[in-house]
Amino acid sequence: MTFTALRSSSLRNHPGAAALALAAAAALLTGCSSSDDKSDPLAEDKPSGDTVVVGSNNFAESVLIADLYGEALKAKGIKVSYKPNIGSRETTYGLLKNGSVTVLPEYNGSLLAYLDPKAPQESAEAVNTAVKSKLDAKLTLLESSPAEDKDSVSVNAETAKKYDLTADSTLADLKEAAPQLLIGGSPEFQTRHQGLKGLEAEYGLKFKSFKALDAGGPLTQAALTKNTVQAADIFTTDPTITKEGFVVLKDPKNLFGFANVTPLVYKSGLSEEGVAALNAVSAKLDTKTLLDLDSQVQLENKDPLDVAKAWLKSAGLA
């Protein structure tokens, strides 16, 4: 996964899609989530020894996951403060290294790509091992969740119905239909292995034509919704999937790499009880659940802190 300004594994250096960034900004302006902490998120003040500081990057999903982590820690009696909506990985990684932030939601494959862009990504376990070997000595990864926010080839509801594609269908199931379909994505998607080249090489997919749009953003979402394209590069936790009934095709060969949601922590700032609490969150958070939680925040305009508390309670974690 390589993220730059947004989330896509194949296109960016750090997660944070434009639509999610706008949602996060809007939510924070209305006082959502961890906004009860009025401190400057960029301040490098060290927390008191008994306080875990949970940070988040500057997009809605990161804020939501940070709330999941923080409230799970609170449920164990651990004192928590928040630094929400800090910025990109270039900023948050530095704050973790100096101990200003104790816990941050991360995406394992994209973090590895940030630390070593040329590192291979064979499996989630191998990615985590590689990340740990390249992290600053004061940091470590905890257990990864099954939840992933990464690129996918998704089809709209009309196309799914026409070709009998369901949530259990894989990219290989698109092979016969592909020559009749227009696919959309960022301009880079047309030329990269984590794009059309890989789809042909790994799954034998040859599409009718490609339409250059944006990187999983509003242009791509609108084109797929309006059937201007029948397939597109859409992020796996994009709430548009829920709203428009898109079908995400499974990628068993992991063409699009790995983007498992994983806590990144400042080791000396988190107790064994805290580690266990966050690992318990990871064990129960899958992609379907994260998509549902994102949809509640971004489509239903619910407060992410309320969404986090409700899910933790339902999962027996609070």
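The values are calculated or read from the model by the stated rules, or taken from the named source; none is laboratory data. This is a predicted model, so every value here is computed, not measured. Cβ coordinates were reconstructed from backbone atoms using ideal geometry, including for glycine residues, and neighbour counts include every protein chain displayed.
When the test is whether a residue is of a type outside the set (A, V, I, L, M, F, W, C), more than 24 Å from Gly99 (Cβ to Cβ) and buried (at least 22 other Cβ atoms within 10 Å of the Cβ), Gly257 passes it. Screening Leu285 against (1) within 26 Å of Ala178 (Cα to Cα); (2) within 17 Å of the chain's Cα centre (by Cα); (3) among the hydrophobic types (A, V, I, L, M, F, W, C); (4) surrounded by fewer than 24 Cβ atoms within 10 Å (Cβ to Cβ) leaves a single unmet condition, (1). Selection within the stretch 91-110: residues that are in a helix (DSSP H, G or I) and in contact with a strand residue (DSSP E or B) (Cβ under 7 Å, 6 or more places away or on another chain). The member of this set that is surrounded by the fewest Cβ atoms within 10 Å (Cβ to Cβ) is Lys97.
So for the stretch 260-278 (the condition being at pLDDT below 95 and more than 30 Å from Ser314 (Cβ to Cβ)), does at least one residue qualify? So far as the stretch 260-278 goes, no, none of its residues is at pLDDT below 95 and more than 30 Å from Ser314 (Cβ to Cβ).
Give the residues of the stretch 141-188 that are in contact with a helix residue (DSSP H, G or I) (Cβ under 8 Å, 6 or more places away or on another chain), of a type in the set (Asp, Glu) and within 20 Å of Thr287 (Cα to Cα), sorted by residue number. Hits for the stretch 141-188 are Glu143, Glu148, Asp149, Asp151. Screening Gly204 against (1) modelled with pLDDT of 95 or more; (2) surrounded by 15 or more Cβ atoms within 10 Å (Cβ to Cβ) leaves a single unmet condition, (2).
Being of a type in the set (Gly, Ala, Ser), modelled with pLDDT of 95 or more and either crowded, with 24+ Cβ neighbours inside 10 Å or part of a helix (DSSP H, G or I) (or both) is a property that Ala130 has.
Remark: pairs (first residue in the stretch 122-138, farther than 14 Å from Tyr107 by Cβ; second residue of a type in the set (Asp, Glu) and part of a loop (DSSP other than H, G, I, E, B); Cβ separation under 6 Å; 6+ apart in sequence or on different chains) = Lys134/Asp116.
Look at (1) more than 23 Å from Pro252 (Cβ to Cβ); (2) touching a Pro at 6+ places or on another chain (Cβ under 9 Å) and you find that Ser133 fails only one, number (2). Please specify each residue of the stretch 177-206 satisfying the condition of being charged (D, E, K, R) and farther than 22 Å from Ala222 by Cβ. The answer is Arg192, Lys197, Glu200, Glu202, Lys206. Kindly establish whether Val127 is in contact with a Lys or Arg (Cβ under 8 Å, 6 or more places away or on another chain) and either over 18 Å from Val229 (Cβ atoms) or of a type in the set (Gly, Ala, Ser) (or both). Taking the combined requirement at face value, the residue does not satisfy it.
Each residue in the stretch 208-261 was checked for being of a type in the set (Ser, Thr, Tyr) and under 21 Å from Thr166 (Cβ atoms), and 5 of them qualify. When Ser56, Ser88 are checked against the criterion of being under 14 Å from the mean Cα position of the chain (by Cα), surrounded by fewer than 24 Cβ atoms within 10 Å (Cβ to Cβ) and within 21 Å of Phe235 (Cβ to Cβ), Ser88 stands alone in meeting it.
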